[in-house]
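All of the numbers you see were taken from the coordinates with simple rules; none came from a lab. The shown structure was predicted, so the numbers you read here are calculated from the model rather than taken from an experiment.
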Amino acid sequence: MKNKLVDLNNHLFAQLERLGEEGLTAEQIEAEARRAEAMTGVADQVVRLASLSVSAAKLVVDYGNDPAPYLRSIEGKRDE
């Protein structure tokens, strides 16, 4: 998997920085606010999926199996 939760975190903080930029026009602020709203909607779904992955991993562990395949999307390191 190419993207991880750490990548989502970086994108959200970058968006926060864009929203806080000084000197934006009203139109630019409005456009960034719409963009931020869209990003948070997608981010919410990504976080829900990660939560589901953790729940699945917990269930797998309860049955004595390796949870690693269920946790790939939330690892901080990149696949090589």
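Taking log10 I(q)/I(0) by the Debye sum over Cα atoms at q = 0.14, 0.15, 0.22 Å⁻¹ as calculated from this structure, the corresponding entry among (1) -0.38, -0.44, -1.03; (2) -0.45, -0.52, -1.00; (3) -0.59, -0.64, -0.98 is (3). The angle between the Cα long axis of helix 26-62 and the main principal axis of the chain comes to about 10°, on a 0 to 90 degree scale. Over the chain, dividing the summed -39,500 (n - 2.57) contributions of all DSSP H runs of at least 4 residues by the number of residues returns a 222 nm mean residue ellipticity of -24000 deg cm²/dmol. Helix 5-19: angle to the longest alpha-carbon principal axis of the chain, degrees 0 to 90, nearest 10? Rounded to the nearest ten degrees, it is 10.
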